[in-house]
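Asker: Structure provided below as structure tokens; questions to follow.
The values are calculated or read from the model by the stated rules, or taken from the named source; none is laboratory data. Quick caveat, the model's predicted, so the values are computed rather than measured. We place every Cβ from the backbone using ideal geometry, glycine too, and count neighbours over all the protein chains shown. Only protein heavy atoms, including side chains, enter the accessible area calculation; ligands, DNA and RNA are left aside. Shrake-Rupley method; radii C 1.70, N 1.55, O 1.52, S 1.80 Å.
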Amino acid sequence: MTHGLAVEEVTAPGAAPAGWEGSLRAMTRSFETLAIHAGQDPEPVTGAVVPPIFATSTYQQDAVGAPRQGYEYSRTANPTRAALERCLAALEGGQRGLAFASGLAAEDTLLRTVCGPGDHVVIPDDAYGGTYRLFARVAERWGLRWTAAPLHDLDAAAAALTPDTKLLWVETPTNPLLRIADIAALAALAHRAGARVVVDNTFASPYLQRPLELGADAVVHSTTKYCGGHSDVIGGALVVSDPALGEELAYHQNAMGGVAGPFDAWLTLRGLRTLAVRMERHCDNAERVAEFLAGRPELSEVLYPGLPGHPGHAVAARQMRRFGGMVSFRVRAGEEAAVAICNRARLFLLGESLGGVESLIEHPGRMTHASASGSPLEVPPDLVRLSVGIEAVEDLVADLGQALHSAR
Ligand SMILES: Cc1ncc(COP(=O)(O)O)c(C=O)c1O
């Protein structure tokens, strides 16, 4: 292992697209083609069309100080991870992608790259519970200050920015209330205040929404969700368009060490290849499920940005290709009835996480968002969240029908 590396030396393998991939990006902007080819040029020795899993920690060097193609140690760079990172960058329309062991590892790396003690961050008042926990229970102890604000309200977002704000943390659609924030408007606000903007694009995936093109400085993903798509791997990613920020993040990725392993990177890359077709089906099914739920007397509210009555519908229609696969609803009879619905569902498996091919149901207040209990980010107790999978939609609707039965 080499110590005291210059930024350029540690980041060469994942850097800007060159060769076959450079010409690919010049040839097409089509998402489906990039998903299958970006970063995935056939393996040069055998022509294998799938990038191999490079299960190696280190690399033989040709001479002291002459690693082959920049590969010297797999925390710094690994060819399987580099393939995933290039594909992620292409799909988000960015210059640099970086893959991590989890979404939270990606978030932490970004946070500690662009912020320091005494800095201030604005986060959504209904952020993912784990993101909230990272700020409130970890980063705050290291001197980072934060404010939770309703980012679907531009005036409230503007009021939350201070001269010390370094980062505006946007999640849209939010987890689990599916609120929509106007990325372009928030980016303009934050940039005027001298802050950077990061968008957690986990719920939309790059197929439905490309925040960098709307003015964001960075995109973060839990690739565990739609990018991986099969509930078989935990992972995270950062994508940026500014090469200098990309270098700084790559430096911290290596220095902090929360990288994606080669097998995890391979699984995530396999998921990305089918992201476009999966997302279309997730959206088809979620639209039908939301329509079905909207007609049910047991529910006081159905939260889906594709419904014309959703307060963020117009912004979502502008900045998203379609409205995604996540649907939440509130149960008129309250918390116990919401819990009972979760317990009665059969095809919708009771479980945390989202974005896989199978449908999931959960009670955010007692499950994914329990860590936000008693905080400004606490979620309503009568809330149920669905991750609508790609099964036959009639079966999904029938399962929800039986689960809702007698929930009044
Ligand atoms: C919107 C969002 N961001 C980030 C994360 C954290 O990702 P991970 O669980 O891969 O660490 C999650 C996890 O559920 C999430 O839903």
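Asker: Residue under question is residue 138, and the condition is that it be modelled with pLDDT of 95 or more, in a strand (DSSP E or B), within 15 Å of the ligand (Cβ to nearest atom) and closer than 30 Å to residue 363 by Cβ; does it hold?
Answerer: Here the answer is no, as residue 138 does not meet what is asked.
Asker: Then there's this: In this structure, does residue 217 turn out to be more than 26 Å from residue 377 (Cα to Cα) and either acidic (Asp, Glu) or touching a residue at least 60 places away in the same chain (Cβ under 8 Å) (or both)?
Answerer: Against the criterion (more than 26 Å from residue 377 (Cα to Cα) and either acidic (Asp, Glu) or touching a residue at least 60 places away in the same chain (Cβ under 8 Å) (or both)), residue 217 does not qualify.
Asker: Report yes if residue 237 is of a type in the set (A, V, I, L, M) and crowded, with 21+ Cβ neighbours inside 10 Å, otherwise no.
Answerer: Judged against the criteria, residue 237 is a match.
Asker: Within region 313-338, track down each residue that is within 14 Å of residue 209 (Cβ to Cβ) and either aliphatic (A, V, I, L, M) or open to solvent by less than 10 Å² (accessible area, probe 1.4 Å) (or both).
Answerer: Matches in region 313-338: 315, 316, 317, 320, 324, 325, 326.
Asker: If I filter region 265-291 down to residues being closer than 23 Å to residue 395 by Cβ and of a type in the set (D, E, K, R), which single residue comes out as surrounded by the most Cβ atoms within 10 Å (Cβ to Cβ)?
Answerer: 278
Asker: From (1) away from the ligand (no atom under 16 Å from the Cβ); (2) under 27 Å from residue 391 (Cβ atoms); (3) at pLDDT below 95, pick out the condition that doesn't hold for residue 368.
Answerer: (1)
Asker: Considering only region 148-208, give the helices (runs of 4 or more DSSP H) lying wholly within it that have at least 3 residues that are within 16 Å of the ligand (Cβ to nearest atom), open to solvent by 30 Å² or more (accessible area, probe 1.4 Å) and under 15 Å from residue 120 (Cα atoms).
Answerer: Qualifying helices (runs of 4 or more DSSP H): none found.
Asker: For region 364-383, name all the residues that are outside any loop (DSSP other than H, G, I, E, B) and either touching a Lys or Arg at 6+ places or on another chain (Cβ under 8 Å) or at positive phi (or both).
Answerer: Answer for region 364-383, where residues must be outside any loop (DSSP other than H, G, I, E, B) and either touching a Lys or Arg at 6+ places or on another chain (Cβ under 8 Å) or at positive phi (or both): 371, 372, 383.
Asker: Within the group 293, 303, 245, which residue is among the hydrophobic types (A, V, I, L, M, F, W, C), within 16 Å of the ligand (Cβ to nearest atom) and modelled with pLDDT of 95 or more?
Answerer: One residue alone meets the criteria, 303.
Asker: Being away from the ligand (no atom under 16 Å from the Cβ), among the β-branched types (Val, Ile, Thr), open to solvent by 20 Å² or more (accessible area, probe 1.4 Å) and more than 30 Å from residue 278 (Cβ to Cβ): is that true of residue 45 here?
Answerer: Yes; evaluated as a whole, the condition is true for this residue.
Asker: Pull up region 339-365, narrow it to residues that are open to solvent by 30 Å² or more (accessible area, probe 1.4 Å) and of a type in the set (Asp, Glu), then point me to the one that is nearest to the ligand (Cβ to nearest atom).
Answerer: It comes out as 352.
Asker: Let me ask another. Name the one entry in 341, 361 that is part of a strand (DSSP E or B), under 19 Å from residue 289 (Cα atoms) and either touching a Lys or Arg at 6+ places or on another chain (Cβ under 7 Å) or touching a residue at least 24 places away in the same chain (Cβ under 8 Å) (or both).
Answerer: 361
Asker: Next question. Could you grab me the full set of residues in region 240-251 that are open to solvent by 50 Å² or more (accessible area, probe 1.4 Å) and within 22 Å of residue 170 (Cβ to Cβ)?
Answerer: 241, 242, 244, 248
Asker: Going through region 114-129 one residue at a time, which ones are under 21 Å from residue 352 (Cα atoms) and part of a loop (DSSP other than H, G, I, E, B)?
Answerer: Matches in region 114-129: 125, 126, 127, 128.
Asker: Scan region 47-83 for residues that are of a type in the set (S, T, N, Q) and at pLDDT 95 or above and jot them down.
Answerer: 56, 57, 58, 60, 61, 74, 76, 78, 80
Asker: Let me ask you something else. So residue 132 fits all but one of (1) out of contact with any Ser or Thr (no Cβ under 7 Å at 6 or more places or on another chain); (2) assigned to a helix (DSSP H, G or I); (3) not acidic (Asp, Glu); what number is the exception?
Answerer: Every condition holds for residue 132 apart from (1).
Asker: Still on this structure, I have one more. Pairs under 6 Å by beta carbon, first residue over 29 Å from residue 287 (Cβ atoms) in region 367-388, partner modelled with pLDDT of 90 or more and open to solvent by 20 Å² or more (accessible area, probe 1.4 Å), six or more apart or different chains?
Answerer: Every condition considered, the pairs that remain are 371/133; 376/125; 376/148.
Asker: Considering region 87-113 alone, what residues qualify as being open to solvent by 10 Å² or more (accessible area, probe 1.4 Å), more than 11 Å from the ligand (Cβ to nearest atom), under 30 Å from residue 40 (Cβ atoms) and in a helix (DSSP H, G or I)?
Answerer: Correct list: 113 only.
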